[in-house]
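Remarks on the structure that follows.
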Amino acid sequence: MIEQDFIPRSIDTSKLTKGSFTWKTPSNIALVKYWGKREPQIPENTSISFTLDACHTITTLSFSKNVILSAPDSYRDEKSHPVFDIYFEGKKKDDFKPKIATFFKRIEKYCPYLKDFDFKIESENSFPHSSGIASSASGMSALALCVMSLEKELNSEISDEYFYKKASFLARLGSGSACRSVKGEVVVWGEHQEIKDSSNLYGVEFTDEVHSNFKNYQDTILLVDKGEKQVSSTLGHDLMIGHPFAENRFQQAEENISKMKSILKSGDLKAFVNLVESEALTLHAMMMTSNPYFILMKPNTLKIIHKIWEYREIINSNVCFTLDAGANVHLLFPTSEKETIAKFVDIELKQFCQNNQYIEDGVGRGAVLMKNEK
Ligand code: DP6
């Protein structure tokens with residue numbers, strides 16, 4: 001599908017006055033990382049992720065027909081986005097407004113019906129606030145799905161396929177990685193010749209064969225640093241503009257997608273460990289070799305990494321780590337190692353986490369509609 005396919009012809013909003021939708025959407029963890037983008041939110045390379053289960057956002061979008069329908073168009077232009085209030089975990093959060101306003105502005109062309117309504121957005125995360133876990137993926141995908149539920153209410157003819165593709169397309173405009181938090185256990189974003197139907201505009205479910213070794217894969221998130229992100233993702237992606245290694249990195253990521261595709265098929269866990277860890281360290285290497293430069297790992301991140309390597313050396317384990325743009329460590333392992341890794345975390349690793357805190361998660365299936373009220 002191309003961008004124009006997401007611009008609806010004409011949508012009649014006259015019959016709908018108010019209602020609300022609630023979506024629960026997951027976070028995701030990239031195996032091959034997205035790092036570098038161009039306008040409008042087009043990734044410089046393809047990425048692939050596992051959808052998580054326990055780490056999620058629940059968002060309710062309540063809407064009511066606005067009272068300025070008869071207002072002159074100039075008023076609307078000034079307003080430039082729908083009127084909305086946002087509440088996070090029960091509290092009004094005006095500081096979240098600019099990000100959401102930008103999102104509404106970006107999607108207005110694809111969702112012209114939004115201007116006929118006023119909104120209340122209520123959101124909560126399953127993971128502790130400021131745990132260092134990026135909430136933009138689950139948060140933006142939840143909002144995008146709520147918007148799509150509204151579109152479906154106004155135009156019942158849209159297919160499920162269109163619904164999810166457009167939800168991912170809209171989520172991408174909120175936050176790139178959010179487009180991988182809509183549907184499917186393994187999701188690819190970015191056009192890649194070996195991934196059928198893949199697109200720069202939205203994430204697609206990875207439909208090639210996945211070996212049973214990867215069923216119910218586990219992700220224990222070790223909360224090393226729960227503080228605010230040191231580098232915002234927008235600044236982070238910008239670091240790739242003019243980066244001396246950028247072109248090689250983008251090329252390498254495309255090759256790693258091909259490698260990951262065959263690893264997922266063969267079930268080769270050793271190769272998986274090698275590729276996933278290499279991707280995580282490459283992401284951080286990009287930050288260390290950009291200008292300005294950043295080290296986002298903390299001493300305890302490194303201690304955990306060395307413990308994992310030591311553990312793998314002694315026990316024939318397939319546990320590995322991956323990192324996002326922060327200090328927290330995602331511990332990935334097959335479900336067959338669930339009990340032994342739980343002990344390993346308890347005895348050896350949790351001491352390196354802030355307040356000994358970690359989250360046990362695993363691969364999930366994607367977003368769920370929880371409520372639809374009119
Ligand atoms: C390191 O999706 O947060 O987690 O598009 O600017 O919102 P924006 O960036 P964002 O970047 C995530 C980068 C990453 C790697 C990944 O998830 O692929």
Query - Filter result (among the small types (Gly, Ala, Ser), within 11 Å of the ligand (Cβ to nearest atom) and in a loop (DSSP other than H, G, I, E, B)) within the range 223-237 - result: 232
**Report entry** Selection within the range 247-290 - of a type outside the set (S, T, N, Q), more than 15 Å from the ligand (Cβ to nearest atom) and farther than 30 Å from residue 316 by Cβ
**Finding:** 247
Query raised in the report: Across the range 282-307, which residue is surrounded by the most Cβ atoms within 10 Å (Cβ to Cβ) among those that are over 18 Å from residue 235 (Cα atoms) and without any contact (Cβ under 8 Å) to a residue 40 or more places away in the chain?
Result: 305
Query raised in the report: Here are some residues: 213, 248. Which one is touching a residue at least 60 places away in the same chain (Cβ under 8 Å) and in a helix (DSSP H, G or I)?
Result: 213
**Report entry** Filter result (surrounded by fewer than 23 Cβ atoms within 10 Å (Cβ to Cβ), within 13 Å of residue 47 (Cβ to Cβ) and either within 13 Å of the ligand (Cβ to nearest atom) or not polar (S, T, N, Q) (or both)) within the range 187-203
**Finding:** 191, 192, 195, 200
Report summary line: In the range 150-186, anything touching a helix residue (DSSP H, G or I) at 6+ places or on another chain (Cβ under 6 Å), open to solvent by less than 20 Å² (accessible area, probe 1.4 Å), in a helix (DSSP H, G or I) and not hydrophobic (A, V, I, L, M, F, W, C) is listed as 166, 168, 172, 174
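So that you can scan it fast, the table gives a plain yes or no per residue for (1) at pLDDT below 95; (2) within 16 Å of the ligand (Cβ to nearest atom); (3) in contact with a Gly (Cβ under 8 Å, 6 or more places away or on another chain):
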position	(1), (2), (3)
32	no, yes, no
35	no, yes, yes
62	no, no, yes
73	yes, no, no
76	yes, no, no
87	no, no, no
94	yes, no, no
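Here's the yes/no breakdown for (1) in a strand (DSSP E or B); (2) crowded, with 20+ Cβ neighbours inside 10 Å; (3) more than 11 Å from the ligand (Cβ to nearest atom):
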| residue | (1), (2), (3) |
| --- | --- |
| 16 | no, no, yes |
| 21 | yes, yes, yes |
| 25 | yes, yes, yes |
| 29 | yes, yes, no |
| 48 | yes, yes, no |
| 51 | yes, yes, yes |
| 54 | yes, no, yes |
Report task. Report whether or not residue 220 is exposed (fewer than 14 other Cβ atoms within 10 Å of the Cβ), modelled with pLDDT of 95 or more and within 20 Å of the chain's Cα centre (by Cα). Result -> no
Query - Boolean, residue 240 is within 14 Å of residue 46 (Cβ to Cβ) and either within 16 Å of the ligand (Cβ to nearest atom) or surrounded by fewer than 20 Cβ atoms within 10 Å (Cβ to Cβ) (or both) - result: no
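The values are calculated or read from the model by the stated rules, or taken from the named source; none is laboratory data. It should be emphasised that the depicted structure is a prediction, and the values quoted were computed from it without experimental measurement. All Cβ positions, glycine included, derive from the backbone under ideal geometry; neighbour counts span all protein chains shown. Heads up: the accessible areas ignore ligands, DNA and RNA and are worked out on the full protein's heavy atoms, side chains in. Shrake-Rupley method; radii C 1.70, N 1.55, O 1.52, S 1.80 Å.
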